[in-house]
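What follows is one structure encoded as structure tokens, with my remarks underneath.
The values are calculated or read from the model by the stated rules, or taken from the named source; none is laboratory data. Owing to the predicted nature of the structure, the values given are computational and were not obtained by experimental measurement. For neighbour counting, all protein chains shown are included, and Cβ atoms are generated from backbone atoms with ideal geometry for every residue, glycine included. These area figures cover heavy atoms from the full protein model, side chains too; ligands, DNA and RNA do not enter into them. Shrake-Rupley method; radii C 1.70, N 1.55, O 1.52, S 1.80 Å.
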Amino acid sequence: MRKFYILSVTLLLVLPIFNVRAQTVDILWQGEVYTSPFYKGKSLWSSQSRITMLAVPQGLGNPSALNYKWTKNGTVLGNISGVGKNSLSFVDSVLSKPQLVKVDIVGSNETILATASTNVVPIRPVLIVYENNPLYGFMFNKSAEGTYKLKEKEVSFTAFPFFFSTSDRENSLVSYEWRTNVGVATTKNSVTYRVPDESSGSSKVTLQVTSRNNIMQSADKNFLIEFGSTNTGI
């Protein structure tokens, strides 16, 4: 007797794999302001400072060949829109209000290939003071806040005017004024205080930093230097 066997055959259908890349655009921005060396944060946009935005397209081909249409607060910026114009810069006004910026990647027949928007809000500049140690340099791990206890007879402090419209903290466009209990003013970026021999106490340090050109860019800082238990001025 013949035996019949049923063969089970599985057919694998191999389909071609296509890499589909989404067509998108992102907006990157930074404030054209001062930050300290090795600063890892974002250069924030401050009052009366310049901000620069960059459109970064993905999956749309050569960025320099694309047509960009920029809009700010609902108004199309025709003079800075066009082929290859992927960046936008402007300066905040004295009024310092939020700005809604939008960019469209425009194709043929005015079709929108990708779009992105961002709402930026100007901040007030920030003032941070660090000890400038003669052995270790700037003590970035600890800023001068509240009560600062001295370990030596002499101490030097340096002001860092974060987010001011300057590329250099010692630029003449930025004005400094340091004062202590005795009322003597120092107008440099750095200041050095020395404790009189055989004395102890504390002294209040006040610092005010202003921009010579931008009235909205100012910041102040005050802290107490402690070098004993009796209230004695430096």
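Quick notes on this one:
- Computed from backbone phi with θ = phi - 60° and the Karplus coefficients 6.51, -1.76 and 1.60, the 3J(HN,Hα) list for the stretch 152-160 is 10, 6, 9, 9, 10, 10, 10, 8, 10 Hz; x is used for glycine and proline.
- For the chain, share of DSSP beta bridges that run antiparallel, in % to the nearest 5: 95
- Proximal lysines relative to Lys153, as straight alpha-carbon distance under 17 Å, when same-chain residues fewer than 8 apart are discounted: Lys204
- With θ taken as phi - 60° and the Karplus curve 6.51 cos²θ - 1.76 cosθ + 1.60 applied, the whole-hertz 3J(HN,Hα) list for the stretch 177-188 is 8, 9, 9, 10, 4, 7, x, 7, 9, 10, 10, 10 Hz, x standing for glycine and proline.
- Excluding same-chain neighbours fewer than eight residues apart, the aspartates and glutamates reachable from Lys149 by a Cα-Cα span under 14 Å are Glu131, Glu226.
- Volume per residue of the convex hull around the Cα atoms, evaluated for the stretch 58-129, comes out as 128 Å³.
- Which label in (i) 22.3; (ii) 17.8; (iii) 18.5 gives the computed Kirkwood radius over Cα pairs in Å: (i)
- With only Cα atoms counted, the stretch 144-234 has Rg and Dmax values of 14.2, 45 Å.
- Phi-based couplings in Hz for the stretch 42-59 (Karplus 6.51, -1.76, 1.60; Gly and Pro marked x): 8, 6, 6, 8, 10, 4, 6, 9, 8, 10, 10, 10, 10, 8, 10, x, 10, x
- Each Cα pair under 8 Å and six or more residues apart adds its sequence gap; the mean of these over the residue count of the stretch 83-175 is a relative contact order of 21 percent.
- Solvent-accessible surface of the chain, averaged per residue with a 1.4 angstrom probe and all protein chains in place: 63 square angstrom.
- For the stretch 23-73, the relative contact order works out to 42 percent when only alpha carbon pairs closer than 8 Å and six or more residues apart are counted.
- All lysines inside 24 Å of Lys42 as judged from Cα atoms, apart from same-chain residues fewer than 8 positions distant: Lys72, Lys85, Lys97, Lys102, Lys142, Lys221
- Each Lys and Arg adds +1 at its Cβ and each Asp and Glu adds -1 at its Cβ; summed about the Cα centre, the stretch 133-174 shows a dipole of about 200 debye.
- Under 5 Å between amide hydrogens, built in the peptide plane, is the criterion, and for Glu177 it picks out Gln208 among residues at least 5 positions away or on other chains.
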